[in-house]
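Take a look at the structure below.
The numbers here are math on the coordinates, done by the rules we state, and not lab data. Computed from a predicted model, the values in this text were never measured in an experiment. So basically every Cβ, Gly included, is an ideal-geometry build from the backbone, and we count neighbours across all protein chains shown.
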């Protein structure tokens, strides 16, 4: 019976030690997981900040380019606006003149055609 008691005590001690070891391993695993989560969180925070900064830079750059393009357009119009307007008016006058000439030629063509038809009838 003494042997059985010793074996039971020995088994109880082994079970306790195994239980303690399992608790220790579980705690170590939980701590490692917590560390990993914090590491990932830090990486995500850094990445989010970088993306936000990069996006802001891109927006600022686009805004600046749009402003510069507007200024260049205003400068161009200030420098060449009158010239372009004059060229347009000159072109407009030339087109009007050509249109009048074309109408006269068409009218002349139809007059000749009418005369030819009238002469052939007579």
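Key figures for this structure:
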| read-out | value |
| --- | --- |
| Computed E for residue 106/residue 77 - FRET, C-beta separation, R0 41 angstrom, nearest 0.05 | 0.55 |
| Stokes-Einstein diffusion coefficient of the stretch 5-67, Kirkwood radius over Cα pairs, 10 °C, 1.306 mPa s, in µm²/s | 97 |
| Spatial extent of the chain: Rg and Dmax, with the Cα atoms as the point set, Å | 48.1, 156 |
| Near-label residues of the stretch 26-53 by backbone N, under 17 Å of a point 7 Å along Cα→Cβ of residue 64 | 53 |
| Angle in degrees between helix 2-121 and the longest Cα principal axis of the chain, rounded to the nearest 10 | 0 |
| The stretch 36-103 - Rg and Dmax from Cα coordinates, angstrom | 27.3, 87 |
| Over the chain: helical MRE at 222 nm, DSSP H runs n ≥ 4 each giving -39500 (n - 2.57), nearest 500 | -38000 deg cm²/dmol |
